[in-house]
Structures are given as C-alpha cells and as structure tokens.
Amino acid sequence: MTSDLIPFELQAISIAVLAAFLLWVLRLVRTQRLSLRDSLVWVVTTLVATMVALFPGILVRAAHVVGFQVASNAVFGAAVLYLAVNVLVNTVAGSQNAARIRRLSQECAALRAELEAARASRGGAAPGEAGPGPKP
Amino acid sequence: MRVLAIVPAFNEERSLPAVVSGLRRSAPSVDVCLVDDGSTDGTADVARSLGVTVLSLPVNLGIGGAVQTGYRWARDHGYDVAVQVDGDGQHDATYLPALVDAVGAGRAALAIGSRFAGPRIAGAFRSTWPRRAGIRYLSWMLRLRCGARVTDPTSGFRAAGRQAIELFARSYPPDYPEPESIAVAARAGLTVTEVPVRMSERLHGESSISAWRSFYYLVKVSLALVLLPTRRPASEELP
C-alpha cells in the first residue's frame with residue numbers, strides 16, 4: 001500500500017480528504033438533500049480516487065498508456081475533463097427541469113382559469129363553501 | 001370562426017385597460033385571454049376586472065413560455081385562430097382583423113404583422129437604426145435557413161391558424177421566440193405570410209430588450225436558426 005511514488009504524508013492526507021468527502025456525500029443522502037441516484041456518481045468517483053490514492057501505481061501505468069510523460073498531468077487532465085462533463089450533465093438536467101417547470105406552470109395557469117370559470121358559473125362559490133373538495 | 005387574442009403581460013397594469021378596450025373596439029367578437037407572466041403588480045386583478053380570461057402563471061416564464069400558455073389554451077378550447085397582441089400597448093388592435101383574415105381565409109398558417117411590409121406610414125414606430133439592422137439580418141437568416149420571407153421577424157403581433165396553434169402548443173422557443181418560432185413553423189411546412197401593421201412606442205415602462213441584451217439576442221437566435229434544421233422537433237412528451 002505504501003509507495004515510493006508519493007510521500008506517505010501526502011497519501012494519508014489524500015485518503016483522509018477523500019474519506020471526509022465521501023462522508024459528506026453520504027450525509028447529504030441521509031438528510032435527503034441529495035438523491036441516492038444523483039449521489040452514485042460522486043460515491044463511485046470518490047471510491048475510484050481513493051483507490052488511486054492507495055495504489056498510485058495504477059495512475060502511473062494508466063498515464064503512460066495514454067501517453068502522458070508525467071502522471072500529475074494526467075491527473076489534472078482527467079480532473080478538468082471530469083468536471084467539465086459533470087457541469088455539462090448538470091446543465092442538461094437544468095434545461096430539462098426548466099422545460100418541466102415551464103409545462104407545470106402552464107398547466108397550473110390553465111387549471112386555475114378553468115377553476116375560476118367553473119366557480120363563476122356556479123354562482124361564485126368561494127373555496128370551501130361548496131363543491132367536491134378533498135375530504136378530510 | 002372562433003378567435004382568441006393572447007395578451008402576454010408582465011407588470012402591465014397601467015397599459016392593460018387601453019389594450020383591452022382597443023381589442024374590444026376593433027374586434028368585438030374576439031375572446032381575450034391575458035397571460036400574466038408572474039407579475040408583481042396588479043396585472044391579473046386589472047385583467048379580471050376587465051372581464052377577460054386570465055391565465056396566471058405562478059412563476060415568471062419569460063415571453064416564450066407565457067405566449068405558449070396562450071397557444072395551449074387556444075388548442076384545448078378549440079379556437080380556430082389565435083392572435084398574439086403585446087400587453088404593453090405597442091400593437092394597434094385595428095390591424096387585428098387583417099391578421100385574422102390572412103389566416104382565416106387559408107392564405108397562410110401564420111401571419112406576421114410587419115412594420116416594414118407595406119408603404120411607410122407617417123408617424124409609425126419603426127425602431128432605431130441598429131435594431132432595424134438587426135431585424136434585417138434576422139430576416140436574411142430566416143430566408144437563408146428556412147426560406148421564410150419575413151421583413152419583420154421580431155414582431156410579436158401575429159395570427160396563427162389551427163395548424164400553427166397545434167404546433168406552437170407543442171413547441172415554442174422559451175426566450176426571444178419571435179424569429180425562431182417563424183422558423184419552427186416554416187420547417188414544419190406551414191406557410192407564413194405578412195400583413196402590414198402600424199406599431200407605436202410602448203405606453204408605459206421599458207422594453208424587456210435592453211441595448212446590451214440585443215447582442216445576446218442576435219447570437220442566440222442565430223444559433224437557433226443555424227441548428228434548427230438538425231434539431232429533433234419538440235414533442236409533447238418532456239425529457
């Protein structure tokens with residue numbers, strides 16, 4: 001597990017930071033602020049990063065296979081690419097959510113107008129006065 | 001023939017009475033539907049007091065989302081023609097019957113009210129020269145990308161027949177939608193025509209398109225027009 005590729009202190013700090021990050025993600029899931037589905041990508045990436053911190057040899061070999069002279073450049077490259085993909089995926093999710101909010105708002109507006117018209121045609125009954133409302 | 005006037009409005013309580021009375025005067029048989037785009041003033045209350053149908057959006061969607069709310073209403077309530085009229089008082093309702101005739105007679109599926117199509121009318125508002133240059137560019141882009149010949153592509157004063165109502169209820173660009181919606185219609189094989197109209201300057205408030213936003217407008221619409229032929233048409237199902 002110990003390696004001459006990176007100093008032990010750095011390895012220990014990396015693993016501690018990744019563990020803290022993983023705990024944070026899990027806490028977000030437990031407190032319902034992050035959905036389990038959306039947490040998966042973060043959990044998997046953190047675990048992969050932890051593996052790399054534990055066995056830096058994997059990274060060095062992978063970097064050489066792709067053609068990087070220095071392994072740290074591969075880390076920077078991969079991190080930037082990963083973050084860019086992540087941001088794009090989030091932007092796509094944002095676009096989809098915007099379309100959904102738009103449709104919901106439009107449906108809300110139409111339903112409200114229908115409701116007002118129905119109430120008016122029944123003689124202006126105020127909400128709760130009459131009609132088949134939800135039963136307690 | 002059932003005609004619906006779609007009036008999108010955001011904080012237009014001051015302009016609204018004049019807009020609605022103009023519509024009633026020029027086209028008494030037309031139903032008026034105000035789309036209140038999440039206004040923070042009394043727009044919806046003023047509209048209700050004027051006796052028009054009010055579609056109150058719970059959040060501000062922007063002009064595209066607001067107008068589409070009206071098209072969905074027109075589709076769901078079986079209107080034959082839907083006419084868009086801005087809530088800020090820029091559009092002269094006396095031209096509404098001409099727009100309705102253009103689609104009602106089956107000449108076209110979509111009729112755009114154009115400030116530049118007819119002979120120049122004295123005192124009419126034709127915008128500032130940089131905007132006119134932008135409009136000319138958009139008009140050229142539209143002809144290039146989808147063959148639609150429209151001299152005033154940014155005009156929001158327009159009439160849509162049944163086919164266009166169906167199309168726009170399904171698919172309408174959310175922001176700066178005017179030129180792109182013409183392209184959407186042309187691409188769907190609908191015929192687009194123009195009717196000369198007169199516009200005036202806004203009665204109150206400021207245009208939602210400030211000078212610095214014009215650049216974004218041109219870039220966004222250009223991208224939309226360039227990509228349009230390769231884009232999958234929007235369906236009723238959301239992603």
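Scoring A:Ile58 on the criteria (1) surrounded by 12 or more Cβ atoms within 10 Å (Cβ to Cβ); (2) of a type in the set (A, V, I, L, M, F, W, C); (3) closer than 30 Å to B:Val67 by Cα; (4) more than 14 Å from chain B (Cβ to nearest Cβ) leaves a single failure, condition (3).
Quick one: would you say B:Thr43 is more than 8 Å from chain A (Cβ to nearest Cβ), crowded, with 17+ Cβ neighbours inside 10 Å, among the β-branched types (Val, Ile, Thr) and over 23 Å from B:Ala98 (Cα atoms)?
Details: more than 8 Å from chain A (Cβ to nearest Cβ): yes; crowded, with 17+ Cβ neighbours inside 10 Å: yes; among the β-branched types (Val, Ile, Thr): yes; over 23 Å from B:Ala98 (Cα atoms): yes.
Yes.
With the condition kept exactly as written, say whether any residue in segment A:91-108 is away from chain B (no Cβ under 12 Å), surrounded by fewer than 11 Cβ atoms within 10 Å (Cβ to Cβ) and either at pLDDT below 95 or at negative phi (or both). Yes, because at least one residue in segment A:91-108 is away from chain B (no Cβ under 12 Å), surrounded by fewer than 11 Cβ atoms within 10 Å (Cβ to Cβ) and either at pLDDT below 95 or at negative phi (or both).
Yes/no per residue for (1) surrounded by fewer than 20 Cβ atoms within 10 Å (Cβ to Cβ); (2) out of contact with any strand residue (DSSP E or B) (no Cβ under 9 Å at 6 or more places or on another chain); (3) closer than 29 Å to B:Asp101 by Cβ; (4) among the hydrophobic types (A, V, I, L, M, F, W, C):
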{"residue": "B:Leu16", "(1), (2), (3), (4)": "no, no, yes, yes"}
{"residue": "B:Gly22", "(1), (2), (3), (4)": "yes, no, yes, no"}
{"residue": "B:Ala27", "(1), (2), (3), (4)": "no, no, yes, yes"}
{"residue": "B:Val30", "(1), (2), (3), (4)": "no, no, yes, yes"}
{"residue": "B:Leu34", "(1), (2), (3), (4)": "no, no, yes, yes"}
{"residue": "B:Ser39", "(1), (2), (3), (4)": "no, no, no, no"}
{"residue": "B:Ser49", "(1), (2), (3), (4)": "yes, yes, no, no"}
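Does B:Arg145 fit the bill of being over 18 Å from the mean Cα position of the chain (by Cα), closer than 15 Å to B:Ser181 by Cβ and not small (Gly, Ala, Ser)? So B:Arg145 fits the description; yes. In segment A:16-38, the qualifying residues are those that are exposed (fewer than 15 other Cβ atoms within 10 Å of the Cβ) and within 25 Å of A:Ile58 (Cα to Cα), and the one that is farthest from the chain's Cα centre (by Cα) is A:Ala16. Within segment B:9-18, does at least one residue satisfy the condition of being at positive phi, away from chain A (no Cβ under 11 Å) and in a loop (DSSP other than H, G, I, E, B)? The answer is yes; a qualifying residue exists. Within the option set B:Val52, B:Val85, B:Val35, being free of Cβ contacts under 8 Å to residues at least 40 places away in the same chain and farther than 17 Å from B:Arg162 by Cα holds for one residue only, B:Val35. Hey, does segment B:149-165 have a residue that's buried (at least 24 other Cβ atoms within 10 Å of the Cβ) and in a helix (DSSP H, G or I)? Checked segment B:149-165: at least one residue is buried (at least 24 other Cβ atoms within 10 Å of the Cβ) and in a helix (DSSP H, G or I). All of B:Val54, B:Val83, B:Val67 fail the test of being assigned to a helix (DSSP H, G or I), modelled with pLDDT of 95 or more and under 20 Å from B:Gly156 (Cα atoms), apart from B:Val67.
If you filter segment B:86-108 down to residues that are crowded, with 24+ Cβ neighbours inside 10 Å and assigned to a loop (DSSP other than H, G, I, E, B), you find that the one that is farthest from the other protein chains (Cβ to nearest Cβ) is B:Asp88.
The values are calculated or read from the model by the stated rules, or taken from the named source; none is laboratory data. Predicted model only: the values in this text are computed from it and were never measured. For neighbour counting, all protein chains shown are included, and Cβ atoms are generated from backbone atoms with ideal geometry for every residue, glycine included.
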